[in-house]
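Following: one structure in structure tokens, then a few remarks.
The values are calculated or read from the model by the stated rules, or taken from the named source; none is laboratory data. None of the values given here were measured: they were computed from a predicted structure. As a convention, Cβ positions derive from the backbone with ideal geometry for all residues, glycine included, and neighbour counts pool all protein chains shown.
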Amino acid sequence: MTPFCDWLTTTRPPDVWAELRPQVQLWLDASGFCQDYYDETTGVWRSGEATVRNYIRHGVHVLSFSGKACKAFRELGVWPALLTTIGSAPHRVTMLHLTLELPEDGPTHVMRADARATRGEIWLTRKGIDPQDCRALLSADARGARTGTVYIGRKHADVQAVVYDKRHEREGHGYIIDEPLVRYELRMRSGVGSTLHDAWNPGPLFWHYAGRSLLPRPDGVQAWAPHAEGFALPDRPEFTPAQLLDRKLDNSPDVDRLLDLAAACGPYGFDLLAKRLRRRFDAKLYGDGTDADSEAPQGPRPLGGRPSPSGIH
């Protein structure tokens, strides 16, 4: 199994974000994310349960990606391009979660980690972790086995490990999970010296810490160094507006919801949706109160009776 990025937070000067935002927005659009809320200091984009947030805190701009957002970008193939975009401007990686999933019995791993942490047998850095800085939240799972989550190290330490039974967690939210699944997660703060390259290629950093005592380190893992320089992320692909439109339509759950609502309206639901979209499009293109019919160039009329401003019919 391969470690993956399950959370990313970066910071930058607020004035940098003003220039960076349109470039980040491009990849959010390409991945089907829709703006849920935005003002001068705060913004939220969502795609289903995946969330991207930006806000101002203590005089710096913060941009964070939830685990589901990181996964969505990876699956759509835009994660390297998004990281390259963020890395094109001054920034710091202030929070990075790297996770390894194992299709193995969760209670066995969780209880073993709890016992070892209690005995002081785990260290992530050169210094061992005090058992008083570890805690476990345990309960019986659906099969009667004792399991849960073990936190190894202080919450605000540079590196904290979390071992938890993912199957048990999902079942607690009402999901039916047939196969066992356990997660080993490293939560790292800025003191570690991680970079965006570690979000793209998490293996070396994950095993640099987990391989000390938490898990057996596999052979052939590349060595890791903090504040790595000289690496290159893949080039950013270029999308035309039409390609971005296609990706937005294909990937956005909001579009799926609109289509479901249109279907619920009956046989003319899609015509109603198209008419409302045309109205919004005209208002955006010509401005409120503008007589689009009189000011727009004349030509063949597409759906809605308006001339096509692009000249493409």
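Quick notes on this structure:
- Residues in the range 109-138 that are among the hydroxyl-bearing types (Ser, Thr, Tyr) and either touching a residue at least 60 places away in the same chain (Cβ under 8 Å) or in contact with a His (Cβ under 8 Å, 6 or more places away or on another chain) (or both): Thr125 alone.
- Yes/no for Ser194 being in contact (Cβ under 8 Å) with a residue 60 or more places away in the chain and surrounded by fewer than 17 Cβ atoms within 10 Å (Cβ to Cβ): no
- Lys155 meets each of the listed conditions (1) buried (at least 16 other Cβ atoms within 10 Å of the Cβ); (2) in a loop (DSSP other than H, G, I, E, B) apart from (1).
- Scanning the range 66-100 for residues that are in a loop (DSSP other than H, G, I, E, B) and of a type in the set (A, V, I, L, M) yields Val78, Ala89.
- Residue in the range 173-189 that is under 23 Å from the mean Cα position of the chain (by Cα), assigned to a loop (DSSP other than H, G, I, E, B), within 15 Å of Leu100 (Cβ to Cβ) and among the aliphatic types (A, V, I, L, M) present: yes
- Flag if Asp219 is exposed (fewer than 12 other Cβ atoms within 10 Å of the Cβ), assigned to a loop (DSSP other than H, G, I, E, B) and at pLDDT below 70: no
- Candidates in the range 108-130 are the residues that are out of contact with any strand residue (DSSP E or B) (no Cβ under 7 Å at 6 or more places or on another chain) and in a loop (DSSP other than H, G, I, E, B); of these, the one that is surrounded by the most Cβ atoms within 10 Å (Cβ to Cβ) is Glu121.
- Per the listing Thr99, Thr51, the residue uniquely closer than 30 Å to Ala140 by Cβ and either surrounded by 17 or more Cβ atoms within 10 Å (Cβ to Cβ) or modelled with pLDDT under 95 (or both) is Thr99.
- The listed residues are Gly128, Gly144, Gly120, and the only one of them that is over 17 Å from Leu186 (Cα atoms) and in contact with a helix residue (DSSP H, G or I) (Cβ under 9 Å, 6 or more places away or on another chain) turns out to be Gly120.
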